[in-house]
Amino acid sequence: MKFCETFHLPDPVFVFILCQRRDGKFKKKTVLNMGKSLSEIIISQHCQRDVKAGEIVLTPVDVCLLQDGTAPLAIRQLEKLGLKKLANPSRTVFFLDHAAPSPRRELSNDHKFIRDFVAQTGAQFSDIGGGISHQVINEYYVNPGDILIGADSHTCTGGALCAFSTGMGSSDVAVAMGLGKTWLRVPESFKIVVRGEFPLGVYAKDLILHFIGKIGADGATYKALEFCGETVENMTMSQRLTLSNMAVEAGAKVGLIAADKTTQKFLKEMGRGNKYREIKPEKDAVYERSIEIDVSRLEPQISFPHTVDNTRPLSQAQGVKIQQVFLGTCTNARLEDLKIFYEIVKGKKKNSSTRVIVTPASRKVYLDAMKSGYIQAFMEFGAEVLPSGCGPCVGVHGGVGADEDNILSTMNRNFRGRMGNPESNIYLASPAVCAATAIKGEIADPREFLTVKKGSSAKSSKKSSKQKKKK
Amino acid sequence: MTPKGSAWKFGDNISTDLIAPGRYFHLRSNLPEMAKHVMEDADPSFASKVNKGDFIVGGSNFGLGSSREHAPTIIKLAGVSAVLAKSFARIFYRNSINVGLPVLICDTDKIQTGDELEIDLVKGIILDRIRNLKLTFAPLPKVMINILNDGGLVAHIQKHGDFKLS
């Protein structure tokens, strides 16, 4: 990983950039600070004037997201404000995904409270089994250039569609859904340039775990991440969503990816191709920091308990006994993730000492996985397939670990107590590592099961290098 | 405002899962009950020990994780007058101001559990009476001072009808 530091001068027109070259020497450059980062472009368009990093602005909000853990408080805050109507009911979306279906009467009553509010206000609604908010909102509601405020920290997932998409608390989202606006500090941006072709068995999840391991759990606090470079350009939307989803685990406000043909293709598939517009950072955009990552020699990565940045390569993790494997969450439960898991486990039996839990990210993913035969294969393998939703990731139900259990999960955070028991340990990895581990009963290398076939990203990377050569 | 009280020291990376554990998810509509479990997975006896006016003192990246506003809300309901840390996670920081809980960024290395602290929120000074320390904390942006002074975001909007940025 290489770091280029940028020093902002008081005069906003010029900046010095101190760049570390490949030979390790530093080169000082003075540049005109004229160009805009993706965050500056999107917020400027909303504020109808040019805004720069560091400014505090009042901005219109396009989409509001709330889930069953944060919505009841937001509704009560809105009631305290005396606001009876929503600024934009067609783009205010309530999800019942955290405790779905409800395991307790208190939560059933919260669900009822949300349903009643939705009926009164005409807000959009995704009931139990509809799926995880961050999956469904990107399937059906978010467009490039939008500002999305969500009462859930992983709202940053929408950055993959080039939406300025960020998590806030219930009060902020209550005000945003009532008044249609919020205040923001325009963030400074870090440019994350990713190059190289993923080796066999290595995916976007390994890249983001590696990145967070290097930069630290607070390495990008308050900043916007912009993921770019040939590897990101060649990624499918599913993998991009995995990258953006975990921006918050480095402390970042958003994790943006330029809107390009892959974005357009995804929007077309979801029936709103007309909402596509290309958005890319301006050529002379200034970044506080530039970080280059070459994935061509990256190993599968594991985050050890109890912080996401406690990352080690798989070679230093093999042999850890695992009592529960969880394939799910807004990070890694899309059809492509389920397919990776399926390719490894089909026709096999899970290890007798390991429980395996699967939650598809949304009803659409669940149905597609059924059509593809994945669900049947998972059941035959010995896995339990739960309804689409957050499942055990929230520590409410669906797979709480026992004391001293080791759990290997595709989710995005492994904080102590996250899955409902502070005495169990959570390890994070890709769907492929989870699949190999479910077979072996201990953290295992998926490459053992992947001999010839490569992931779609690897294929597409190859294609692009050829195209590049032609140019 | 010059709150006084004892310090309760915690380490780095105190997540919202440690502050407001997910297994109490069903108490999110019953915050006084949830406040009985505040910080439970960081220190199981904290809720029974803390006195009104006391301070939580963290290391770096305090409040990382979820957007649950319930986390700073139950800290406030437990009687804590402010949280001091070397740095805060973004959403927790913003939520704290929104619920009217002061969050102060300062060098907390020398403060220990049991230290008597006195804080001048206007002058930006923290006094540790036990260790004879005088610390300063970084000022908040104007919009956050306005929200905090009004007693939180809902009170702020009720008062001004909109955000008051300057």
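The values are calculated or read from the model by the stated rules, or taken from the named source; none is laboratory data. Remember, it's a predicted structure, so these values are computed and weren't measured experimentally. Neighbour counts run over all protein chains shown; Cβ positions are idealised from the backbone, glycine included.
Tabulated results
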{"item": "Breaking point among (1) within 10 Å of chain A (Cβ to nearest Cβ); (2) in contact with a strand residue (DSSP E or B) (Cβ under 9 Å, 6 or more places away or on another chain); (3) on the phi > 0 side of the Ramachandran plot, for B:MET39", "result": "(1)"}
{"item": "Subset of the stretch A:160-207 (residues that are within 20 Å of A:GLY54 (Cβ to Cβ) and not charged (D, E, K, R))", "result": "A:PHE164, A:THR166, A:MET168, A:THR182, A:TRP183, A:LEU184, A:VAL186, A:PRO187, A:SER189, A:PHE190"}
{"item": "Among the candidates A:GLN301, A:GLN323, A:GLN239, A:GLN318, residue that is touching a Ser or Thr at 6+ places or on another chain (Cβ under 7 Å) and surrounded by fewer than 20 Cβ atoms within 10 Å (Cβ to Cβ)", "result": "A:GLN323"}
{"item": "Residue check for A:SER456: closer than 21 Å to A:THR236 by Cβ, at pLDDT below 95 and within 21 Å of the chain's Cα centre (by Cα)", "result": "yes"}
{"item": "Condition broken by B:PRO139, with the remaining ones in (1) under 17 Å from the mean Cα position of the chain (by Cα); (2) within 14 Å of chain A (Cβ to nearest Cβ); (3) surrounded by 13 or more Cβ atoms within 10 Å (Cβ to Cβ) satisfied", "result": "(3)"}
{"item": "Every residue from the stretch A:375-407 that is surrounded by fewer than 24 Cβ atoms within 10 Å (Cβ to Cβ), touching an Asp or Glu at 6+ places or on another chain (Cβ under 9 Å) and either free of Cβ contacts under 8 Å to residues at least 40 places away in the same chain or among the acidic types (Asp, Glu) (or both)", "result": "A:ASP403, A:GLU404, A:ASP405"}
{"item": "Residue that is nearest to A:GLY251 (Cα to Cα), among those in the stretch A:296-354 that are of a type outside the set (Val, Ile, Thr) and touching a Cys at 6+ places or on another chain (Cβ under 7 Å)", "result": "A:GLY328"}
{"item": "Test: residue in the stretch B:87-109 that is among the acidic types (Asp, Glu), farther than 28 Å from A:ALA250 by Cα, touching a residue at least 12 places away in the same chain (Cβ under 8 Å) and away from every other protein chain (no Cβ under 11 Å)", "result": "no"}
{"item": "Residue match in the stretch A:167-176 (condition: buried (at least 24 other Cβ atoms within 10 Å of the Cβ), away from every other protein chain (no Cβ under 14 Å) and under 17 Å from the mean Cα position of the chain (by Cα))", "result": "no"}
{"item": "From A:ALA74, A:ALA87, residue being more than 17 Å from B:ARG23 (Cα to Cα), modelled with pLDDT of 95 or more and either in contact with a Phe, Trp or Tyr (Cβ under 6 Å, 6 or more places away or on another chain) or surrounded by fewer than 22 Cβ atoms within 10 Å (Cβ to Cβ) (or both)", "result": "A:ALA87"}
{"item": "Tabulated pairs, the stretch A:67-78, first in contact (Cβ under 8 Å) with a residue 12 or more places away in the chain, second surrounded by fewer than 24 Cβ atoms within 10 Å (Cβ to Cβ) and of a type in the set (Gly, Ala, Ser), C-beta under 6 angstrom, 6+ apart or interchain", "result": "A:PRO72/B:SER29; A:LEU78/A:GLY178"}
{"item": "Filtered residues of the stretch A:81-129 (kept if part of a helix (DSSP H, G or I), within 14 Å of chain B (Cβ to nearest Cβ), within 18 Å of A:ILE149 (Cβ to Cβ) and over 27 Å from the mean Cα position of the chain (by Cα))", "result": "A:LEU81, A:PHE117"}
{"item": "Number of positions in the stretch A:221-238 that are within 14 Å of chain B (Cβ to nearest Cβ) and in contact with a strand residue (DSSP E or B) (Cβ under 6 Å, 6 or more places away or on another chain)", "result": "3"}
{"item": "Any hit, the stretch A:263-272, residues being farther than 23 Å from A:ILE340 by Cα, charged (D, E, K, R) and over 19 Å from the mean Cα position of the chain (by Cα)", "result": "yes"}
{"item": "Only one of B:GLY79, B:GLY53, B:GLY65 that is within 14 Å of chain A (Cβ to nearest Cβ), in a loop (DSSP other than H, G, I, E, B) and at pLDDT 95 or above", "result": "B:GLY65"}
{"item": "Number of positions in the stretch A:50-72 that are over 20 Å from B:MET144 (Cβ atoms) and within 14 Å of chain B (Cβ to nearest Cβ)", "result": "10"}
{"item": "Qualifying residue in the stretch A:132-143 (condition: touching a residue at least 40 places away in the same chain (Cβ under 8 Å), under 22 Å from A:TYR276 (Cα atoms) and within 14 Å of chain B (Cβ to nearest Cβ))", "result": "yes"}
{"item": "Any chance A:LYS346 is on the phi < 0 side of the Ramachandran plot, in contact with a helix residue (DSSP H, G or I) (Cβ under 6 Å, 6 or more places away or on another chain) and free of Cβ contacts under 8 Å to residues at least 60 places away in the same chain", "result": "yes"}
{"item": "Leading residue by the ranking (nearest to the other protein chains (Cβ to nearest Cβ)) among those in the stretch A:186-220 that are of a type outside the set (A, V, I, L, M, F, W, C) and in contact with a Phe, Trp or Tyr (Cβ under 7 Å, 6 or more places away or on another chain)", "result": "A:PRO187"}
{"item": "Verdict on B:GLY114 being within 14 Å of chain A (Cβ to nearest Cβ), touching a residue at least 12 places away in the same chain (Cβ under 8 Å) and not in a helix (DSSP H, G or I)", "result": "no"}
{"item": "Checklist (1) within 14 Å of another protein chain (Cβ to nearest Cβ); (2) within 15 Å of the chain's Cα centre (by Cα) applied to B:PHE163, failing item", "result": "(2)"}
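Residue by residue, here is whether (1) buried (at least 20 other Cβ atoms within 10 Å of the Cβ); (2) part of a loop (DSSP other than H, G, I, E, B); (3) of a type outside the set (Lys, Arg); (4) not assigned by TED's automatic domain parsing to the domain that holds A:TYR140 holds:
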| residue | (1), (2), (3), (4) |
| --- | --- |
| A:CYS330 | yes, yes, yes, yes |
| A:ALA333 | yes, yes, yes, yes |
| A:ILE340 | yes, no, yes, yes |
| A:LYS349 | no, yes, no, yes |
| A:PRO360 | yes, yes, yes, yes |
| A:LYS364 | no, no, no, yes |
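So that you can scan it fast, the table gives a plain yes or no per residue for (1) in contact with a Gly (Cβ under 7 Å, 6 or more places away or on another chain); (2) surrounded by fewer than 16 Cβ atoms within 10 Å (Cβ to Cβ):
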| site | (1), (2) |
| --- | --- |
| B:LEU18 | yes, no |
| B:PRO21 | yes, no |
| B:TYR24 | no, no |
| B:ARG28 | yes, no |
| B:MET39 | no, no |
| B:ASN51 | yes, yes |
| B:ASP54 | yes, no |
